[in-house]
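The values are calculated or read from the model by the stated rules, or taken from the named source; none is laboratory data. Not measured: the values here are computed from a predicted model. Quick reminder, even Gly has a Cβ in these numbers, built from the backbone with ideal geometry, and neighbours come from all protein chains shown.
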Amino acid sequence: MTLRRTEAHASNANETEALHIAAVDKAFARLGVLFDVHLQVSRGERVALLGPSGCGKTTLLRIIAGLEHADAGVVRIDGRIVAGPDVWVPPEQRGVGLVFQDYALFPHLNAATNVGFGLSKPAPTRVAELLALVGLSDKAEQFPHELSGGQQQRLALARALAPSPSLLLLDEPFSNLDVKLRHALRTQVADVVTALQTTTVLVTHDQQEAFLFADRVAVVLKGRVCQFAPPRELYTQPASLEVARFVGEANVLSGDADGQRCETALGTLTGRGDSGRVQVVVRPEQLRIVDGASPNATLARVQFAGTQSRLLVRVDGIEQQLAMTQPATASATSGARVCIEVSDTVSWFPHP
Ligand code: ATP
């Protein structure tokens, strides 16, 4: 693809669209990393790119930022084409803020100067506002090495937000932090970008993080966006078995489906999917023990996990054990014969 610098605006850009990615391909040394990627993000939306290590999510983020060239396709930010056939806008002209896993702060500059670095002229009030926004007003004079990991990450966020980017890109920004801090900081960051109505794209391999942070999550598997949907929809209506397995725990049963009914070893289930021989996804919390009914399973293992117990169940006629959860207050004993049923509608997919 030949690229040249331009300020061109796409004539057909959607006014509410902050980011538009169309038909992006990328290979390194002929090894394909991204394949025909499409993504449309609305203004002010929080989006997560969720996928396992090596699936290409950081490469996609770098293509959006202009740190990497796509081999094909178009990237449009706020209606302006920034990369495409014959178009290339350099990173510093894309109006994009970046926060990385390793903070990338300037070690020789104090917190206030780090925040002010990206501003075209000195603006002490703006710097003070941003430090206040991320709860670091009292750390303005401190150097990065004098700050904790969480404080450094908040400082990196303030610096990225200083020039009021139209798009904020976060590459695994919480992964160096301990679990509690990660949770608190993720909530703070979500609050800050929501208050500023800054469109944000977060890269993560952590399903819970993606679900808690984002309005919509794009599941990236082997270089393809397999589904882009709100977290609840992804979880309850996965587009494929791969997505179902990636966005939560999935028991997979064989079944014969006809319309909205499917015959399985756990009885007739209702749900959605193609007709024929299928693989049925049952989430652990969709299984429950029915008191007093005739047994169809043995509890192979019962583990206490705090608010919940985790059970492994051997259902008659099914080879593999199924995982299920129930409130820790409910009684269950290893070895007990029980009746297990599916308490919800499920999804199924054609047998490969
Ligand atoms: P992680 O969560 O581990 O960071 P990721 O999903 O972000 O993974 P990418 O960093 O986008 O994955 O990498 C996708 C693939 O592209 C990997 O196989 C990686 O080795 C390869 N890759 C990335 N950058 C380059 C490069 N500059 N040169 C060659 N190969 C690269």
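Residues that are surrounded by fewer than 22 Cβ atoms within 10 Å (Cβ to Cβ) and over 23 Å from T199 (Cβ atoms): does the stretch 153-166 have at least one? No - not one qualifying residue is present in the stretch 153-166.
Residues in the stretch 90-108 that are under 12 Å from L67 (Cβ atoms) and in contact with an Asp or Glu (Cβ under 8 Å, 6 or more places away or on another chain) were compared, and the one that is surrounded by the most Cβ atoms within 10 Å (Cβ to Cβ) is L98. Pairs linking a residue in the stretch 161-190 that is in a strand (DSSP E or B) and at pLDDT below 90 to a residue that is among the aliphatic types (A, V, I, L, M) and within 16 Å of the ligand (Cβ to nearest atom), with Cβ atoms under 7 Å and 6 or more positions apart or on different chains, do not occur. Looking across the stretch 183-208, the residues that are in contact with a Ser or Thr (Cβ under 9 Å, 6 or more places away or on another chain) and within 16 Å of the ligand (Cβ to nearest atom) come down to V203, T204, H205, D206.
Residue-wise test of (1) within 16 Å of the ligand (Cβ to nearest atom); (2) not assigned by TED's automatic domain parsing to the domain that holds Q321.
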residue: A210; (1), (2): yes, yes
residue: V217; (1), (2): yes, yes
residue: V220; (1), (2): yes, yes
residue: P230; (1), (2): no, yes
residue: L241; (1), (2): no, yes
residue: C262; (1), (2): no, no
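For the stretch 34-59, the candidate set comprises residues that are more than 10 Å from the ligand (Cβ to nearest atom) and small (G, A, S); within that set, the residue that is nearest to V220 (Cα to Cα) is A48. Within the stretch 167-176, being within 16 Å of the ligand (Cβ to nearest atom) and buried (at least 19 other Cβ atoms within 10 Å of the Cβ) holds for L169, L170, D171, E172, P173, F174.
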